[in-house]
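Notes to accompany the following structure.
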Amino acid sequence: MRILISNDDGYRAGGIYVLARIMASFGDVTVVAPKYHQSAMSMAVSLGMKKLAYKKLPDEGPGKWAYLDATPASCVKFGLEYGYENRDPDLVICGINHGSNASMGANYSATLGGAEEGALNGCKAIGVSTADFRPDADFSQVEKYLPGLVKTLLSNWPDRFGIYYNINFPKAEIPIRGIRVARQGKGHWVKEFEHWNEEELRRRGLDHDFLWRSSGGDLEQGEEAYFMIGTFVDDETETETADHSLNAAGWITVTPCSVDLTDYGEYNRLKTLL
């Protein structure tokens, strides 16, 4: 089995090493990950005719490793182009993301953006996240449950273009109750912008590389610096089926997603009007 791995936290994040170790038991692993942190880039690609630094990392492992100074979707594109003769690995899997990608976080997630890029190219694709933002996040529950979950999904994959799966694990301190199929929950963010404060950012676990890449250099006259973080507001009313609600209750969730953004209910309604 040939497996392409990427993430959005960068090639030095703890989660991607755990994922590579887990997936090496399934087959041959190739990792192409961003050089730097790329969260919330969704499915953005690194256009603009700019130089994209690429480097093989022979001392990493398991598998073949490299970084690309680009978005996760671009890293997957690169891996498909140069890692596989027919752009056809058996699986594209992205993560393990440090932080949840449940609820509306999925719309922004670059972990899922990488998985969606794989699905868009006709590959089986999965995104994996855990609700722990810490650089030293506890991935023990992921290591315990993910192999069996991946095996089940691969053995029962639908014969339909564009499907990918969003897997979210609860915080490590929450006892696992089992696995549930879920839908994307509802929510939004408020108080999303705060004045730039490196001490506060470090307290939140962001490292030097993130701060250096995010600082943007010296401010021009009249400019003020902010960073974006936000407070999540839960808008869910049917908590028994929403992914983030189930995570909070101790369930691992699997949310099926599709590259097709068509709202078929509205599609059929409009056909009666137009």
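What follows is calculated from the coordinates using simple rules that are stated; it is not laboratory data. What you see is a predicted model; the values in this text were computed from it and never measured. Every residue, glycine as well, gets a Cβ built from its backbone with ideal geometry; the counts of neighbours run over all protein chains shown.
If you place +1 on the Cβ of every Lys and Arg and -1 on the Cβ of every Asp and Glu, how big does the dipole about the Cα centre of the chain come out, in debye to the nearest 20?
Details: 28 positive and 38 negative charges, 183 e Å.
Computed about the Cα centre, the dipole is about 880 debye.
Computed from the C-beta positions of Q221 and V190, the FRET efficiency with R₀ = 30 Å rounds to 0.45.
GNM remark for the chain: springs join alpha carbons under 10 Å apart, and the peak mean-square fluctuation among R183, R87, R202 falls on R202. Among G27, G113, G15, the largest mean-square fluctuation in a Gaussian network model of the chain (Cα springs under 10 Å) belongs to G27. Cβ-Cβ distance of R183 and D28, R₀ of 45 Å, FRET efficiency by 1/(1 + (r/R0)^6): the value works out to about 0.85. Each label point was placed 7 Å from the Cα along the Cα-to-Cβ direction; for Y54 and Y84 their separation is 1.7 nm. Spatially, the range 94-130 and the range 49-89 are offset by 17 Å when compared through their Cα centroids. Cut-off 10 angstrom, C-alpha nodes, Gaussian network model of the chain. Which of T241, T152, T253 fluctuates the most? Looking only at T241, T152, T253, the largest GNM fluctuation is found for T152.
Other residues with beta-carbon under 13 Å from the beta-carbon of G15 carry, at +1 per Lys or Arg and -1 per Asp or Glu, a net charge of -3. Take the Cα of A40, go 7 Å toward its beta carbon, and none of the backbone nitrogen atoms of the range 5-30 fall under 11 Å from that spot. Within the chain, the longest segment free of exposed loop sites, counting GluC sites (Glu not before Pro) that fall outside DSSP classes H, G, I, E and B and have at most 12 other Cβ atoms within 10 Å, spans 86-172.
For Y145 and D263, the difference between the fully extended length at 0.36 nm per residue and the C-alpha to C-alpha distance is 39.2 nm.
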